[in-house]
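Take a look at the structure below.
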Amino acid sequence: MSLKADLHIHSNHSDGRSSVREILETAIAKGLKAISITDHDNINGSLEAIEIVKEEHLPIVVIRGVEISTAQGHLLAYGINRDVDKGIDLVEAVKIVKKLGGITSLAHPFQFYRQGACRLRYFKVVDCIEVFNARSLPIFNSLSNFFRRKYGKGITAGSDAHKAEFVGSGVVMLEKASDEKLIMNALKNGQCIVEGEISIKNVFWRIVK
């Protein structure tokens, strides 16, 4: 059976509007089997989610995550236990995440007005590329996937939801991946497919109520 995972979600631990509990409840209701809460520059949201899942035996896997605001663009990091300094060089951030046992993915590449990395040299140093972001225009997602293939990188995708209602609008589908380590290995090796839908409400969540 396929495992459906949304790997890019923001909670009220950074600039999201929804609590971790609201995100978990929505994800489970929508049939997601895994999520990663990737708040800006802090892992508190994902750690809180892990705690809730463990205490309440919820049927969902939480992958530790964070979106690092590097000097050259936003970088998703998975599987690490501590924050990485905001404003750090992107290449240095990748090295730190690797030392901590995690993997990295460029967040919404080419979307320059949302601090997406644009230079191709950064595609070469990460483990994965976010090839579908539900808040990116199709042209940016297509370009990301093209260069992901060109450089032989892994795949991530996510809703980039800042409100719980948008959770699940961008996902990866994985086979035989039932925990954080197996999921990260599958992502890194590109052993997944991407599904998603872009909505105006999600893109302009700050404006549309």
Those residues of the stretch 94-118 that are assigned to a helix (DSSP H, G or I), out of contact with any Leu (no Cβ under 9 Å at 6 or more places or on another chain) and at pLDDT 95 or above come to a total of 4
Condition met for residue 124 (under 22 Å from residue 36 (Cα atoms) and either crowded, with 24+ Cβ neighbours inside 10 Å or not acidic (Asp, Glu) (or both)) | no
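To keep it simple, each residue is scored yes or no on (1) closer than 15 Å to residue 192 by Cβ; (2) surrounded by fewer than 23 Cβ atoms within 10 Å (Cβ to Cβ); (3) touching a residue at least 40 places away in the same chain (Cβ under 8 Å).
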position: 98; (1), (2), (3): no, yes, no
position: 101; (1), (2), (3): no, yes, no
position: 112; (1), (2), (3): no, yes, no
position: 118; (1), (2), (3): no, yes, yes
position: 135; (1), (2), (3): no, no, yes
position: 138; (1), (2), (3): no, yes, yes
Test: residue in the stretch 157-178 that is under 20 Å from residue 24 (Cβ atoms), at pLDDT below 95, of a type outside the set (Lys, Arg) and assigned to a loop (DSSP other than H, G, I, E, B) | yes
So how many residues does the stretch 125-156 have that are part of a helix (DSSP H, G or I) and among the aliphatic types (A, V, I, L, M)?
-> 2
From the residues in the stretch 16-71 that are small (Gly, Ala, Ser), in contact with a helix residue (DSSP H, G or I) (Cβ under 8 Å, 6 or more places away or on another chain) and part of a strand (DSSP E or B), which one is surrounded by the fewest Cβ atoms within 10 Å (Cβ to Cβ)?
-> 34
Taking into account only those residues within the stretch 1-15 that are in a strand (DSSP E or B) and aliphatic (A, V, I, L, M), which is farthest from the chain's Cα centre (by Cα)?
-> 3
Only one of 43, 35, 50 is of a type outside the set (S, T, N, Q), out of contact with any Pro (no Cβ under 6 Å at 6 or more places or on another chain) and under 15 Å from residue 173 (Cα atoms); which?
-> 35
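The values are calculated or read from the model by the stated rules, or taken from the named source; none is laboratory data. Just so it is clear, the structure is predicted and the values come from calculations on it, not from any experiment. Note: ideal-geometry Cβ built from the backbone for every residue, glycine included; neighbour counts use all protein chains shown.
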